[in-house]
């Protein structure tokens, strides 16, 4: 399974409320016409951000399909051309970014209706290959995140290695995604010894500087 993660920036002059409403309703309906979709989610930022400084993105979409061929068929469809046309109504397409990823599920406790989804945007250290970055993220950092108190679900979305091999450097090398029962539980987790250990371990594979992060509510709209 491949997950296309799209980082969205709203159209200039469009309010956050209007952007989220259009994306959640009209655009989601257009996405639903695409062939071969296995799953589609939207992550809408909430007012109360916790931890890292948030990036400039106004939302994160995840579109799941079976394999590369399924994405080629999506891209060649008339429905996809309609999706691109509809994006002009609410997105600053010049600031939108897409990363094709493969998901590594490390904790599958599910989410909660009133829970939050924290997305951290990761860039690898300049001296590491994508393979080395992914191995350290999985083997050294992943178990520390799994130990966070209150964690209900944990997925590492890793940029596909084929993109690097084709000479395409993604805007981010991966997305570290965790779910908690609410903002208070996320805040408590970030103040825990496990979080401190994870921050120390990050130096072994992340670029200098604190990663940006976004706290969101997830809407599962397809699948």
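Each value in this text was obtained by applying a stated rule to the coordinates, not by laboratory testing. Every value quoted in this text rests on a predicted model; they were computed, and no experiment measured them. Every residue, glycine among them, receives a Cβ derived from its backbone with ideal geometry; neighbour counts consider all protein chains shown.
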**OP:** Being assigned to a strand (DSSP E or B) and either closer than 18 Å to residue 46 by Cβ or without any contact (Cβ under 8 Å) to a residue 12 or more places away in the chain (or both) is the filter here, so list the residues in the range 152-168 that pass it.
**Re:** 152, 153
Original post:
In the range 21-36, how many are surrounded by fewer than 19 Cβ atoms within 10 Å (Cβ to Cβ) and either part of a helix (DSSP H, G or I) or in contact (Cβ under 8 Å) with a residue 60 or more places away in the chain (or both)?
Top reply: 9
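Tell me, yes or no, whether the range 137-149 has at least one residue that is free of Cβ contacts under 8 Å to residues at least 24 places away in the same chain, assigned to a helix (DSSP H, G or I) and closer than 19 Å to residue 109 by Cα.
In the first step, residues of the range 137-149 are kept if they are free of Cβ contacts under 8 Å to residues at least 24 places away in the same chain; the result is 139, 143.
Remaining after also requiring assigned to a helix (DSSP H, G or I): 139, 143.
Narrowing the set further to residues that are closer than 19 Å to residue 109 by Cα leaves 143.
Scanning the range 137-149, I find at least one residue that is free of Cβ contacts under 8 Å to residues at least 24 places away in the same chain, assigned to a helix (DSSP H, G or I) and closer than 19 Å to residue 109 by Cα, so the answer is yes.
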Subject >> Identity of the residue in the range 169-223, out of contact with any strand residue (DSSP E or B) (no Cβ under 7 Å at 6 or more places or on another chain), touching a residue at least 60 places away in the same chain (Cβ under 8 Å) and under 22 Å from residue 58 (Cα atoms), that ends up surrounded by the most Cβ atoms within 10 Å (Cβ to Cβ) >> reply: 187
**OP:** For residue 75, work out the one condition from (1) buried (at least 17 other Cβ atoms within 10 Å of the Cβ); (2) assigned to a helix (DSSP H, G or I) it doesn't fulfil.
**Re:** (1)
**OP:** Residues being within 21 Å of residue 188 (Cα to Cα) and out of contact with any strand residue (DSSP E or B) (no Cβ under 6 Å at 6 or more places or on another chain): count how many of those fall in the range 127-144.
**Re:** 3
